[in-house]
Every structure is written in C-alpha cells, then in structure tokens.
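Here the structure comes first, spelled out in structure tokens, and everything after it is commentary.
The values are calculated or read from the model by the stated rules, or taken from the named source; none is laboratory data. Given the structure is predicted, the values throughout are model-derived calculations rather than measurements. Virtual Cβ from ideal backbone geometry, glycine too; neighbours counted across all protein chains shown. Surface accessibility is based on the protein's heavy atoms, side chains included, excluding ligands, DNA and RNA. Shrake-Rupley method; radii C 1.70, N 1.55, O 1.52, S 1.80 Å.
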Amino acid sequence: MSNNADFRICPDTGFKIHLPADKLIKWNAVTAVVFLLVGGIFGLGVALTRWPAVHLLPADWFYLALTAHGFDVLLVWMIFFEMAILYFAGAVLLGSRLAAPKVAWVGYWMMLGGALITNIAVLRGDSSVMFTSYVPMQAAPDFYLGIIIFAVGALLGCFVFFGTLVIAKQEKTYEGSVPLVTFGAITAAIIAVFTIATGAIILIPTLLWSVGYVGHIDSVMYKVVWWAMGHSSQQINVAAHIAVWYALAAILFGAKPLSEKVSRMAFLLYILFLQLASAHHLLVEPGLSSEFKIFNTSYAIYLAVLASMIHGLTVPGSVEAAQRKKGFTNGLFEWLRKAPWGNPSFSGFALSLVMFGFLGGISGVMMGTEQLNIITHNTMYVPGHFHGTVVVGSTLAFMALAYWLVPVLWQRELVFPGLAKWQPYLFGIGMGLASVFMMGAGTLGVPRRHWDMSFADATMPYDFPGAAHLMMGLNGIAALIGGIGGTIFILNMVGTILWGKPKSKAAAEPEKPAAPAQPTVVSGYGSAGTMAVPGTFTLAMVFLVAFVLYYFVNWKYLAGVWGLS
Amino acid sequence: MAIFPPAQRIWWKEPIERSEILWITIALVWSLILFFMMPYWHLVGEQNLSNEAYRIKPDVFAERTEAMADKYTVREEGDTGTPVVHPPAGGDIYMLARLWEWWPVLELEKDQTYRLHLSSVDWVHGFSLLPENINIQVHPEYEMVITVTPNRAGEYSVVCNEFCGIGHHTMVGKIYVVDK
C-alpha cells in the first residue's frame, strides 16, 4: 500500500505529510484562490454599479455579474478551499495516508469542470438567474448541470476524507480521539453530505425541467428544498472556519481548548441542528405555517446559535489561557494587547472572530426571526448579513490560515510580508464596513439584486431618501478598500508560490508548534488549575449586551409599521 | 492543542471551567428568550403574517383583480394608464404582480382594515412597501391573504425586491393612504 517514501516530514511543523495529499491540498487551495479572484472582480463590478454616482455596468451585465459573483465566491471559492481543509485535517493532522487519491482527483476535476460549465453558461448571458435560480425563471440547462457536476465532485472529496479517517484509525496513526480541528472538519463534511444530497433533490428535477422532461416545478417547494442546500452550504463554511479558528489558536499560541468536551458538544449541536434554517429564506412566503417557520428558523430552539456562542467564548478563551500561561497576566487584556497584531495569521483570525459574531451573527439571528424578517426580507440587509458571515467570517479566516499554510506547504517565504501585515485590516475592515453600510441601506428598504435604485426607467418611481443613496455610495468605497485587500492577498499567495524564496531550514520560526512524535501527556487543559479567562468573559458579555439591545431595537421598529395579521 | 489528539484520552470526564458553564447557561437562557419571542408576538404583537394562503390559477386571480378594478376605479395614475382603485373599507383588495408592474394602484383609508390578496401571474416577485419596509414574497399560483391596517396617511410605493428579469428595476407600484 504505502510506504515511507510516499511521505515527507514538514521541516516547520514536524507533520508527516502524505505526498498525494500534499499535492491535492495545494491544487485545491490554488484553484480556490483563482475563483476568489474571478468572483471578487465580479463583486467589485456589482458594488460599483450599486454606487449610484458611479453606476458602472449596464443592467444586463449587472445581473450577469451578480449571478457569477454569487456562484464563484459563495460556492466555488469556499468549497475548493474547504476540500483543502478536509484533506489537511484528515491526512496531515492525523499523519495518515489519504484514502483513494485517484478518487480525490476525479472529484477535483469534476468540481473544476462543473464550475467552468456554469461560469460559461452565465457569461454567455442566457443564465442571469442569480445564484438562487428561483423557478419559474429558467436558466440554460448547462447552468444547472455545471452545479450538479461540481457538487458530485465535492461529494467525492467528502468520501475521500471519511475514508482517510477510517484508514488513520485502522493504521493507528494517532492515539485516542481525533484532534478537535479534525472533529470540526468532520462536522463540516457531514453537513456537506446533507447539503449536496438536498442539492441533488432539487437541481436534478430543475435540470430535467429546463430541457423539457419535467413539466412543472412548484415555486414554493423549489425554495424550501433549494434553501435546505443553500443555507446548509453556508453552514459548511461556518463549521470549517470555526475549525480553522481552533487550528490558528493552536498554531499561533499553542492554545489548548478550554475543554474538549464543551467544544466538541458545540460542534455536535451544529451537526444536529444547523441544517435546519431553510426557513430563514421562507419567513414571508405563502403556504407555510408559522409553526414550521418558527421551529425551522430557530434551529429547534436556537441550539445552533447556542453552539456558535459557545465557540465564541472558547476560541478566544483558549488564546487567553495560553497567553496567560506565557506570563501575560496583567489586567483583563494584557494577553490581547501583547498578541502578534502584525502577523496576518493572527490579525485575520482575530478580525474574523469579532466581526463574524458582531456583524454576521447578530444580524443573522435578528432577520431570521419570523416577524422581524418582514422588515428585512430581500432588502440590502440580507447581503449585508452574509458579507458579515461569509466574507469577514469565513473568507478572512481562510486567508489567515493561508498565510501560515502556503509558506509551510510550499516551503517558501512570503513575497510581500510588509503588505501582508496590512492585508487583513484592509480586507477585513473594508468588507466589514461594506457589510454595515449594506445593512444600513437595507433598513431604509433598498432592495437587493436591483440595478437602479433611482428608478429612472420606472413609470411611477420611488424616491429613496438621501441617506439610502449615501449608504450605497459608502458601500462602494468600502468594497473598493476590501478589494485592494483581496488583491494583496491574491498577489501574495500567487507570488509566494511562483517566486517565493525557498525557506532555509534555520529560518523556520520557533513559534510554530512541533508535532510530538508520541502524543505526550501534558498538563491537561488550557484552563487547568486557576487559569480563568476573565478577559474573554468580559468581551463575551459586551457581545451579549450588543446582541440583546440590537435585537429589541428591531422589535421596536417592527411595532411601528402597519398592522398585519 | 486543537491540532493534536486530546492530551487526556478520557477527555469527556474533564471538569468544565467555571466561566464556560456560566456562559453556556447565559447563552441557553438567551436562546430560549429568542425562541419564545416569536410565539409571544403572535399573541400580543400587531405585525404577524397570516397563514392564510390558497392555490389559485393565475387567470382566476387576474379576473378577480380586474373585477375589483372595474368596480372601484376612481381615477388614473398620472399618464401611466394604471387605474387608481378605492375599494370599500373592510373589504377584499387585490394586488397583482407581473413582469414588470404592480397592478392596480390602491387607495386605502387610514386605520381601516383590509384583506389584501397578493399573487403573481408569472414569476416570483417581492412586494416591498416603502417607506414602511414591509416585505412579502409573492409566488405564482399561490394567493396570500394578509389583513392590513395602514396606520399613517401618505403616498407609498411598492418596489419589487425579488429579481424578476431584465426589467426588474422598473417594477414599482403605488398605494395611497388617505384620511377618512
């Protein structure tokens, strides 16, 4: 089967890396970054068109760009990078060989082929149906076909990951339980299987409908099933980026989870409840009962939100515990002040954690409330929310990981370390502000997926207040700043891979953890002894207060509108 | 560390740190509050979407809308050719979505209650009442009935906020609310 010749030992980390896994991680990560570039360019086109003073693209190009933007970054960039994470968390962290690398390659090429087919369909101009492609609006058959092929490829990747877990267990490449990061990756992969299965249930009939074999697809039923895929696919991202947070805390600080039990339980709650939430998108829909909406939109009784709030404490808590152990014990926040803010892996991680909670998390719960959805549904508030989750949450976390992973895997120095220092701030704060301005425009009722908020061609135009135009202008500026940050990231990654100076062995940074040959029995947990985390707890309470206030302020808004019953 | 197997093999018997327990308790209580706010608002709140919806053929819905317009049209909206309909207070009112208009323009009375019927005759549309910011999804073959009570007089617009093709951004309708 495999022998030691198929492995290399990573000089930085001591990890035993299976060469086929190494290659697959690299190709998936690079492909992901390429699609981030493509999707990012489309996104910039969208933001600049929605900036009323610029209004860059003509209407047909705008709707085309918006469809491509959603598909390329929301799906393709994310899933390719997550494949890299799965292979990393499976083969590398467990020191195992990868199961069936050939199948993994078939999966890779199917994903790439599918992504290209759908992109071509969109660029042709006859499939500008948005990423969600609500029926009875119809795209060309290859639009759906590409997504299906892409999804099947991703499914193969998940199976390779599961197979790797089995092999690692059988060949006893690790002792005891899998690492927490791998556990998080397993969570992501399980949600991915559910997601892809639901995707097949809805997209295959839709494909058949688009070629004429199926006569009719019910538009409400389509949305119910489509969002069981659409929302769950974002939960893959959440599970994956939280696994990445734990990984970065360990890599940067040698942090141990405060409690393995709590963190794993929180992931388990994701598996059990996070795939609900199809109803987040159906709260103002006809034909569905309030009982279904309330149960589904709240993940039973907000058990997945509970899980996220737990991770929100335990991830920074593990960092605080590790820092305090190193002697940063003054006051509540010395551990945070003395953190490596100039290291893009840390600053990206920290910004991702804070903004995912404050921007993406709070807004998501607010607009996912049955009645509150009435005042946010399909307004700019919605993209505001998910740029707070997928962009400043997941994407920024993945970027932070890439700053560590790419130099380690390729054994090259970063080409622009000076620029890299600023990159997470530019991208994170730029896109964070974009998210805030979009939400602001949404509370004024500005519709999403809309080419012209001045309604110049409408027979009875609506006049938005000046503040709404201002918000969309500021959103354009913020997106430009974020775009500069994104460009620096891509330049750094591509540059490092192509022209980076090979790392000299001596240059390996000492802060990188060395993998113990045997899992050593160290002193236990981050909180062992008196290692309390008062700083993190204070921050968590600040978060809670913001959450409660913002939530009830929106009920107050709702109480003022027309009576509806 | 999170990237290595747990140091203690029997990790599930480890004690949980106090601040973690406290935070989990707080978060659980907050989750319950978040949950019960929704049924609570159904009981005491005045903004709940009804569960009343019917399957309907698009032409039937169009007929009913036209019948209302034939009966209660009071004038025309500018030179748009769209009628302004002033139906009797307390009755059934219809607004039809199609590529790319909301039809007809409605004139309602303040603090009166109406049964608003919404449906589409072609694709999915989004009923967005501005500046109230009330947003409701409109599907073909589904007729949603919502009891509405306008609480301020004025001129309102209905913008489509579900993408419905190349003319989507021109799809704007109107509702007037007048004092009795």
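At a glance:
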quantity	calculated
Some residue of region A:49-69 being of a type in the set (D, E, K, R), part of a helix (DSSP H, G or I), surrounded by fewer than 24 Cβ atoms within 10 Å (Cβ to Cβ) and touching a strand residue (DSSP E or B) at 6+ places or on another chain (Cβ under 7 Å)	no
Some residue of region A:162-176 being under 23 Å from the mean Cα position of the chain (by Cα) and of a type in the set (G, A, S)	no
Pairs with Cβ under 8 Å, 6+ apart, first in region A:187-216 and touching a residue at least 40 places away in the same chain (Cβ under 8 Å), second acidic (D, E) and in a helix (DSSP H, G or I)	A:A188/A:E82; A:A192/A:E82
Failed criterion for A:M130 (all others in (1) part of a helix (DSSP H, G or I); (2) touching a residue at least 40 places away in the same chain (Cβ under 8 Å); (3) among the aliphatic types (A, V, I, L, M) hold)	(1)
Residue list for region B:117-133, restricted to those being within 10 Å of chain A (Cβ to nearest Cβ) and either open to solvent by 10 Å² or more (accessible area, probe 1.4 Å) or free of Cβ contacts under 8 Å to residues at least 12 places away in the same chain (or both)	B:D122, B:W123, B:P131, B:E132, B:N133
Some residue of region A:162-175 being surrounded by 24 or more Cβ atoms within 10 Å (Cβ to Cβ) and in contact (Cβ under 8 Å) with a residue 40 or more places away in the chain	yes
Residue check for A:Y222: open to solvent by 10 Å² or more (accessible area, probe 1.4 Å) and not β-branched (V, I, T)	no
Residue list for region A:353-381, restricted to those being open to solvent by less than 20 Å² (accessible area, probe 1.4 Å) and either charged (D, E, K, R) or closer than 15 Å to A:M431 by Cα (or both)	A:G357, A:G360, A:E370, A:M380, A:Y381
Qualifying residue in region A:79-98 (condition: surrounded by 23 or more Cβ atoms within 10 Å (Cβ to Cβ) and either farther than 28 Å from A:Y246 by Cβ or not assigned by TED's automatic domain parsing to the domain that holds A:A32 (or both))	no
Unmet requirement for B:Y176, which otherwise passes all of (1) open to solvent by 10 Å² or more (accessible area, probe 1.4 Å); (2) facing chain A (nearest Cβ under 8 Å)	(2)
Residue within region A:227-242 that is among the hydroxyl-bearing types (S, T, Y), more than 30 Å from A:F143 (Cβ to Cβ) and either open to solvent by less than 30 Å² (accessible area, probe 1.4 Å) or touching a Leu at 6+ places or on another chain (Cβ under 8 Å) (or both) present	no
Matching residues, region B:147-171, being closer than 22 Å to A:R448 by Cβ, facing chain A (nearest Cβ under 8 Å) and either surrounded by 21 or more Cβ atoms within 10 Å (Cβ to Cβ) or aromatic (F, W, Y) (or both)	B:S157, B:V159, B:C160, B:N161, B:E162, B:F163, B:C164, B:H168, B:H169, B:M171
Residues (farther than 16 Å from A:A99 by Cβ, more than 20 Å from the chain's Cα centre (by Cα), β-branched (V, I, T) and outside any loop (DSSP other than H, G, I, E, B)) located in region A:1-40	A:I9
Test result for A:S133, buried (at least 21 other Cβ atoms within 10 Å of the Cβ) and on the phi > 0 side of the Ramachandran plot	yes
